[in-house]
1. Within segment 143-153, is even one residue in contact (Cβ under 8 Å) with a residue 24 or more places away in the chain, outside the structural domain of L96 (by TED's automatic domain parsing), crowded, with 19+ Cβ neighbours inside 10 Å and of a type outside the set (G, A, S)?
2. So which pairs qualify, if the first residue must be in segment 29-52 and in contact (Cβ under 8 Å) with a residue 12 or more places away in the chain, the second must be charged (D, E, K, R), the Cβ gap must be under 8 Å, and the two must be at least 6 apart or on different chains?
3. Which members of segment 75-100 meet the condition of being at pLDDT below 95 and β-branched (V, I, T)?
4. For S220, work out the one condition from (1) part of a helix (DSSP H, G or I); (2) surrounded by fewer than 18 Cβ atoms within 10 Å (Cβ to Cβ); (3) among the polar types (S, T, N, Q) it doesn't fulfil.
5. List every residue pair whose Cβ atoms lie under 7 Å apart, where the two residues are 6 or more positions apart in sequence or sit on different chains, the first residue falls within segment 248-260 and is within 11 Å of L111 (Cα to Cα), and the second residue, located anywhere, is assigned to a helix (DSSP H, G or I) and of a type in the set (F, W, Y).
6. Right, A137: surrounded by 15 or more Cβ atoms within 10 Å (Cβ to Cβ), among the hydrophobic types (A, V, I, L, M, F, W, C) and more than 25 Å from R27 (Cα to Cα) or not?
7. Restricted to segment 84-99, and to residues that are surrounded by 15 or more Cβ atoms within 10 Å (Cβ to Cβ) and in contact with a Pro (Cβ under 9 Å, 6 or more places away or on another chain), which residue is nearest to F148 (Cα to Cα)?
Amino acid sequence: MTQPAPSADHRPRQVVSTTDLAPGIGRRTAAIVAVAAMLPYLTLKILWLTGSSLGVSDPSLMNDPAMVGLNAMTFGMDAVGLLLALAFTARWGMRLPALLVLLPLWVGTGLLSVIVVTAPIVVAAAGTAAFSGGPIASWVYMMVYSGFLAQGVGLMAAFALYARDRWPAAFTTATGLSFPSPTRPLQAILAWAALPVAVVLGGARLVQAFEGPAAAAAQSGVKGLLAVAGAVALVVIVRRRGAGPFWRPLVAAWLGSGSLFAWGLYVLIIRSVGGPMAAGAGDPADLVELFGMLTGLVMGLCGAFLLMERSGVRDVQPVQEPLEGDDRERDRRTADHGHR
């Protein structure tokens with residue numbers, strides 16, 4: 001007897017691994033924008049490292065050992081960012097070890113997020129005069145910071161789309177989702193311990209925002225707000241409070257902890273190597289940078305424990321967005337069916 005053909009509703013569904021997803025046009029475009037913005041900066045660094053004094057009124061400045069070391073360090077940082085941006089445009093990027101992606105992006109977005117916000121504020125407040133003065137030509141500053149702005153927007157957008165494809169549960173689950181967490185008591189200790197320190201550091205930053213030139217004031221204000229917002233968001237996700245999407249407090253905690261750690265580490269490196277850029281070494285404000293770096297590290301470790309445990313979440317009901325109604329189930333799509 002002939003068996004009836006299976007209905008379409010009962011046919012086995014093909015499961016596509018996230019590591020096999022091809023990058024979509026959005027992710028590729030954002031990554032290409034980031035790469036294009038990095039190339040002028042990397043070219044300038046190569047010229048300076050090979051003895052050129054392009055854009056510098058004092059040629060001896062770039063021959064100073066401290067400046068050579070700092071130029072090499074910043075060249076390496078941007079080169080890593082370029083490699084990650086290229087990885088976001090290819091399938092093999094989905095197979096990179098998570099640590100090789102998340103650690104440099106945590107540091108990089110911590111640095112770039114502050115520049116993305118403050119650069120337009122500084123230009124609006126002081127115009128191109130904000131880039132004048134000193135041995136480095138104003139056009140260099142304008143090229144570098146406009147490149148940082150485009151690079152930051154492109155890299156963060158590409159990373160967000162990449163993360164949505166690779167770790168869809170972080171974008172489709174609620175903040176209050178329950179999951180096994182052996183290290184939750186430790187996470188709670190770290191998050192609550194970091195909160196008062198981050199609030200004090202953020203307050204100190206906001207006080208600094210009322211002093212000094214426009215560029216320094218804007219950076220201090222944004223860093224202060226990020227520190228406080230990041231620490232509060234970390235407590236929220238550790239306590240699993242709220243029915244909203246998990247990615248919202250995660251972004252705040254990510255950028256807040258990353259900016260504390262990355263900027264603290266960067267400033268302390270500049271202070272320690274000496275040279276022309278080490279002016280102000282020994283200033284009491286350096287204590288803010290030191291404690292900021294340590295607090296950001298603690299927050300980052302806490303977040304790493306949480307993300308490692310939460311990454312095991314599978315087959316959960318997606319969180320309902322405010323614009324979705326009960327009769328719009330077909331509008332809900334996981335990352336595997338949206339942008340790739």
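1. no
2. M38/D78; Y41/D78; L42/D78; K45/D78
3. The one that is at pLDDT below 95 and β-branched (V, I, T): T89.
4. Among (1) part of a helix (DSSP H, G or I); (2) surrounded by fewer than 18 Cβ atoms within 10 Å (Cβ to Cβ); (3) among the polar types (S, T, N, Q), the lone unmet condition for S220 is (2).
5. Pairs found: G258/W106.
6. The answer is yes for A137.
7. L84
Per-residue answers, yes or no, for (1) at pLDDT below 95; (2) not assigned by TED's automatic domain parsing to the domain that holds V251:
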{"site": "A124", "(1), (2)": "yes, yes"}
{"site": "T128", "(1), (2)": "yes, yes"}
{"site": "G134", "(1), (2)": "yes, yes"}
{"site": "L177", "(1), (2)": "yes, no"}
{"site": "A188", "(1), (2)": "no, no"}
{"site": "A191", "(1), (2)": "no, no"}
{"site": "L195", "(1), (2)": "no, no"}
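The values are calculated or read from the model by the stated rules, or taken from the named source; none is laboratory data. None of the values given here were measured: they were computed from a predicted structure. Heads up, the Cβs are rebuilt from the backbone with ideal geometry, glycines too, and the neighbour counts pull from every protein chain shown.
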